[in-house]
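The values are calculated or read from the model by the stated rules, or taken from the named source; none is laboratory data. The structure presented is a predicted model; accordingly, all values stated were derived computationally and were not measured. Cβ placement follows ideal geometry from the backbone for every residue including glycine, while neighbour counts extend to all protein chains displayed.
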Amino acid sequence: MTPLFLGFATTALADVERAFFRDLDPAGYILFKRNIEDPAQLRALTDDLRALSGRNDVPILIDQEGGRVARMQPPHWPAFPKAELFDRLYEIAPMTAIEAARHNAQAIAVMLGIAGINVDCLPLLDVRQPGAHDIIGDRALGTEPLRVAAMGRAVIEGLAAGGAVGVVKHVPGHGRSMSDSHIELPVVTASAEELEIDLAPFITLSGAPMAMTAHVVYPAWDTDQCASLSAKIIGEIIRGRIGFDGLLMSDDLGMHALSGSFGERAAGVLAAGCDIALHCSGDMSEMEAIAGAVGAMSGEAKARLDRAMATVADAKPAASLDEIIATRDALLAVLPA
């Protein structure tokens with residue numbers, strides 16, 4: 001098995017992709033809107049990925065946050081609210097907001113499970129900061145660390161109850177960024193003391209099964225490398241100060257925050273301490289370069305992956321998707337129109 005989560009081009013595997021994946025045996029896959037057409041096609045696709053890998057629990061990831069980040073969309077699937085809505089509800093009724101976030105996440109997970117998807121890149125534990133770039137913005141659960149942690153925990157628990165593994169992101173915190181790491185490399189100049197605010201939700205939820213790093217430079221910790229490429233930040237901050245011992249994946253290698261060849265990027269994040277390198281575009285030439293730069297997945301990384309996937313192995317949702325959504329909507333009804 002190789003320490004890669006990979007995307008692919010369209011709604012079904014091409015012969016060249018199938019042969020490449022069979023030989024490479026990536027740890028898992030990630031889906032995007034380009035891979036999704038309708039429920040029957042999507043289930044056939046995820047069944048195909050499981051059969052190809054020979055693992056019933058092969059991680060099949062998606063970014064299904066709600067709001068502006070949703071790969072599965074109407075008319076085939078329900079729309080889900082942005083995280084900011086739960087933050088607004090928390091202002092009025094904190095416990096109601098926490099329960100609404102829990103039920104919302106469980107509904108997402110049940111929907112994903114029907115489609116054969118078992119990992120959702122959610123929740124964001126980024127603490128929203130006034131004046132920061134909108135790349136996080138309304139995707140955040142709030143501006144106050146305790147609130148973000150409380151609702152983040154509810155999201156992780158709701159996803160697990162519905163059968164999906166949650167991925168906390170973007171560790172050690174993207175909420176202060178003044179630019180979009182998809183486009184350029186952000187530099188957060190806050191002091192180590194100020195960054196304690198950003199770390200707080202991740203520390204509280206250090207037992208999360210999976211986490212995704214931020215392609216952000218924090219000179220207070222490392223003047224040269226972004227978190228995804230920094231052995232110091234991964235070792236001393238993520239594994240040390242935060243205490244995270246779950247599966248750690250990089251953010252997408254294709255983002256313009258990173259430089260160098262794709263092989264260098266993949267080798268770099270793994271050398272820094274990530275368990276998995278994530279590549280999303282499905283570009284075959286890029287994936288071939290990455291495959292040539294990485295070795296087999298380490299035993300420690302494989303153990304972390306197995307522990308993460310085992311957290312949802314026996315999940316059996318107690319209610320239907322419609323019933324869970326109805327409960328969520330009743331809780332959200334506390335918000336003024």
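For the reader, a short list of remarks on this structure follows.
- Some residue of the stretch 260-272 being acidic (Asp, Glu) and within 22 Å of Asp120 (Cα to Cα): no
- Filter pass, Gly158 being in a loop (DSSP other than H, G, I, E, B), touching a residue at least 24 places away in the same chain (Cβ under 8 Å), closer than 16 Å to Glu65 by Cβ and not charged (D, E, K, R): no
- Residue check for Phe86: under 25 Å from Met309 (Cα atoms) and either within 22 Å of the chain's Cα centre (by Cα) or part of a helix (DSSP H, G or I) (or both): no
- Of all residues in the stretch 174-208 being polar (S, T, N, Q) and surrounded by 15 or more Cβ atoms within 10 Å (Cβ to Cβ), the one that is farthest from the chain's Cα centre (by Cα): Ser179
- Complete set of residues in the stretch 244-268 that are touching a Ser or Thr at 6+ places or on another chain (Cβ under 9 Å) and over 13 Å from Phe5 (Cα atoms): Phe244, Asp245, Gly246, Met255, His256, Ala257, Leu258, Phe262, Arg265, Gly268
- For the stretch 126-169, the candidate set comprises residues that are over 17 Å from Ala200 (Cβ atoms) and among the β-branched types (Val, Ile, Thr); within that set, the residue that is modelled with the lowest pLDDT is Ile135.
- Filter result (in a loop (DSSP other than H, G, I, E, B) and of a type outside the set (A, V, I, L, M)) within the stretch 8-32: Phe8, Thr10, Thr11, Asp25, Phe32
- Among the residues making up the stretch 11-62, those that are under 16 Å from Met72 (Cβ atoms) and surrounded by fewer than 18 Cβ atoms within 10 Å (Cβ to Cβ) are Thr11, Phe32, Lys33, Arg34, Glu37, Asp38, Pro39, Ala40, Gln41, Arg43, Ala44.
- Put simply, of Val167, Val188, Val171 the only residue that is touching a Cys at 6+ places or on another chain (Cβ under 6 Å) and farther than 23 Å from Ile92 by Cα is Val167.
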